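In what follows, a structure is listed as structure tokens, so that the remarks can point back to it.
Just so it is clear, none of the values below were taken in a lab; they were calculated from the coordinates. Fair warning: this is a prediction, and the values are worked out from it, not measured in the lab. So basically every Cβ, Gly included, is an ideal-geometry build from the backbone, and we count neighbours across all protein chains shown.
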Ligand code: G3P
């Protein structure tokens with residue numbers, strides 16, 4: 001009875017359900033990709049109904065693979081791609097538009113308009129974020145401004161908003177009348193609307209964006225019982241007890257609970273999170289200030305974050321748009337066929353450049369091409385782009401904290417790539433450490449849920465579950481590291497100032 005916790009990981013490319021046991025090991029997994037919808041250059045959408053259908057499906061497959069029923073599950077945790085905005089009618093449960101994904105840049109004119117009064121840092125002191133297309137706020141405004149009848153309905157109190165955590169929670173706990181409309185502090189801190197100190201929606205910012213407060217979910221902690229799964233669902237009556245945005249969940253799953261600890265997750269993008277404990281630290285080097293986690297009534301923990309928009313999705317682009325590889329892991333084989341990058345650098349600024357530059361006007365660039373360059377060099381440059389971007393973010397973290405990190409904990413899909421991990425250590429000049437369970441995102445959400453229902457008793461128990469799998473030591477001579485970094489930075493300058 002109740003020997004497991006299930007985590008739902010609603011990510012950018014797929015939704016997964018993972019069942020964990022008490023030692024934090026994976027018992028079974030269900031996974032389904034959803035469609036990436038690109039209506040115009042720079043636009044990225046998901047269908048929320050497809051996402052919810054997939055979530056139900058993957059819960060079913062994770063349970064059935066391990067022959068489990070709801071009676072075996074102590075709690076459900078949710079983790080999610082953050083910022084992606086869903087607006088739905090609370091009376092019908094139907095989204096009024098596709099989800100606008102975090103990578104989508106259509107709202108740049110809204111950003112420019114808001115920034116014309118006070119600059120992009122207008123709300124940064126309060127919310128920890130610069131004005132950028134990345135966050136949910138401008139996406140909600142775009143939907144209200146562009147979907148016919150949306151603003152009137154929102155003002156009448158009929159429309160509600162959520163990142164995909166809130167969308168999944170509302171559906172999971174709801175019957176025909178809908179369920180709990182809530183989010184956790186980490187997701188709320190990615191909207192542009194939450195005051196980092198009060199952990200409440202800020203009316204002045206909502207007004208500046210023209211978003212009615214009635215649309216916003218209740219802001220709760222990351223670990224408490226939000227509600228029970230509705231009786232119409234497979235997991236009926238199981239408490240939903242943990243929510244963390246995926247990057248914060250990975251930090252929690254890595255047991256990086258102490259100020260000064262950090263992790264880097266290699267997924268669609270790459271996100272380095274540095275725990276600053278109970279202190280709100282404002283970056284001077286292009287990092288975001290964000291919520292780390294809040295357990296029930298305990299004090300919130302904060303973090304600095306270096307967000308990189310495009311890493312794994314560059315490999316998908318080689319696969320789907322160029323047809324250069326047929327599966328993502330093939331990139332490693334292709335890259336291994338050449339001894340170096342042949343002078344080629346790829347700056348994947350598909351959504352502009354995020355940290356530490358925050359340049360909306362940047363676009364992707366491939367530089368250093370000669371007649372000598374081949375597919376292997378392109379593959380290698382694509383992998384190396386991930387490592388170079390991480391290095392620039394780590395430099396910003398070190399500059400902000402004043403105490404250089406001595407090693408980097410890593411997780412996420414791309415850490416299976418041995419060559420990339422070695423190159424990462426080489427370019428950082430510090431060891432890179434992979435834990436035994438690399439599904440730390442789902443694990444973090446499971447931990448948050450399990451703590452709330454007493455399945456795990458405290459953080460000490462979670463730390464004891466963490467184990468090292470492999471460590472890569474830097475091997476590249478410092479002069480070579482510096483030479484490559486210099487070329488990378490030169491390549492970055494070529495990607496900027498591209499938009500008319
Ligand atoms: O901020 C976006 C991030 O939460 C997305 O993560 O792993 O779905 O690429 P991922």
With both bridge residues required to lie in the chain, what share of the DSSP beta bridges run antiparallel, to the nearest 5%?
70 percent
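Starting with the highest mean, order 38-46, 274-282 by the number of other Cβ atoms within 10 Å, averaged over the residues of each peptide.
Result, highest mean Cβ count within 10 Å first: 274-282, 38-46.
Using only the Cα atoms of the stretch 316-359, what semi-axes does the equivalent ellipsoid have when each is the square root of 5 times a gyration tensor eigenvalue? Give whole Å, largest first.
23, 16, 8
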Find how many whole Å separate the alpha carbon centroid of the stretch 143-194 from the alpha carbon centroid of the stretch 39-56.
16 Å
For the stretch 330-406 and the stretch 201-241, what is the separation of their C-alpha centers, rounded to whole Å?
37 Å
Let me know the volume per residue of the alpha-carbon convex hull for the chain, in Å³.
133 Å³
Could you calculate the contour length gain from residue 146 to residue 489, that is, 0.36 nm times the residue separation minus the distance between their Cα atoms, to one decimal place in nm?
119.6 nm
Dimensions (Å) - the stretch 386-500, Cα atoms, principal axes, largest first
53, 40, 30
Give the relative contact order (percent, whole number) for the stretch 229-378; include only Cα pairs under 8 Å separated by 6+ residues.
16 percent
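Above 20 Å lies some portion of the pair distances; for the stretch 1-64, what is it as a whole percent of all C-alpha pairs?
35 percent
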Treat each spin label as a single point 7 Å out from the Cα along the C-beta direction, and report the residue 499 to residue 57 distance in nm.
3.4 nm
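Calculate for the chain the 222 nm mean residue ellipticity that helices alone would give, adding -39,500 (n - 2.57) per DSSP H run of length 4 or more and normalising by residue count, nearest 500 deg cm²/dmol.
Counting only the DSSP helices, I get -10000 deg cm²/dmol.
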Tell me, in nm to one decimal, what length is gained between residue 316 and residue 298 on full extension, where the rule is 0.36 nm per residue of separation less the Cα-Cα distance?
2.4 nm
Give me Rg over Rh for the stretch 210-280, both radii from the alpha carbons and Rh done the Kirkwood way, two decimal places.
1.08
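Can you tell me which of 288-301, 462-475, 237-250 comes out highest on packing, and rank the rest after it, using the mean Cβ neighbours within 10 Å?
237-250, 288-301, 462-475
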Using the 10 angstrom Cβ neighbour count as an exposure proxy, how do 92, 406 rank, fewest first?
406, 92
Give me the log10 of I(q) over I(0) for the stretch 133-271 at q = 0.18 Å⁻¹, as the Debye formula computes it from C-alpha points; what are the numbers?
-1.13
Sorted on mean Cβ neighbours within 10 Å (highest first), peptides 350-361, 117-128 come out as 350-361, 117-128
Percentage of interatomic Cα-Cα distances in the stretch 440-495 larger than 18 Å:
61 percent
Under 16 Å from the residue 69 label point (7 Å along Cα→beta-carbon), backbone N, the stretch 4-34:
4
What full-extension length gain, to one decimal in nm, is calculated for residue 482 and residue 41 as 0.36 nm per residue of separation minus the Cα-Cα distance?
155.3 nm
